[in-house]
Amino acid sequence: AILIAAGGYQLTSWKSRCLTHCRSPLGFLMTNWRDGKLGAFQMGLRHGAFCLACCWALMCVLFVVGVMNLVWVAALTVFVLLEKIGPHGAIVSRVAGAAMIVLGIVTIA
C-alpha cells in the first residue's frame, strides 16, 4: 500500500512543483533572499519544506524496504540523485511513480 501511495504521489503536480524548487537551490536563494539571521532561518525552513515535500514518500518506501538494507538505500539514493540533478528528472520521477504503483499492485496480488 505504501508503494502504491508513494507511486501516486510521484505523479502529482504537488511533487512536480516541489521538485522544481528543490532542483535549483541557487534559483531559490535568488528569488527568496532574506537578510539577517532570521531571514536565513526562514529561507532554510522554506527550502527544507520543499525538499521534505519532495522526498517524504520515498522515505516511507525506504522504511518499508528496510533502512538498514544498504542495497535499497543505495538504489533510492541513485534515484533521488537522478530525479534532482539529472537532465530528465521529471520524467524519471513519473516513470518511477508508475513502476512503484505496478510493483505495489503485484506485491498485494
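The values are calculated or read from the model by the stated rules, or taken from the named source; none is laboratory data. All values derive from a computational prediction rather than experimental measurement. Cβ placement follows ideal geometry from the backbone for every residue including glycine, while neighbour counts extend to all protein chains displayed.
Of note:
- Checked against (1) at pLDDT 90 or above; (2) more than 12 Å from the chain's Cα centre (by Cα), residue 31 passes all but a single condition, namely (1).
- One residue stands out in the range 34-68 among those that are part of a loop (DSSP other than H, G, I, E, B) and modelled with pLDDT under 85: the one that is nearest to residue 85 (Cα to Cα), namely 67.
- The listed residues are 58, 62, 3, 81, and the only one of them that is surrounded by 14 or more Cβ atoms within 10 Å (Cβ to Cβ) and under 11 Å from the mean Cα position of the chain (by Cα) turns out to be 58.
- Residue, nearest to the chain's Cα centre (by Cα), within the range 84-106, restricted to residues that are farther than 16 Å from residue 8 by Cα and in contact (Cβ under 8 Å) with a residue 60 or more places away in the chain: 84
- For the range 1-49, residues that are out of contact with any helix residue (DSSP H, G or I) (no Cβ under 6 Å at 6 or more places or on another chain) and β-branched (Val, Ile, Thr) total 3.
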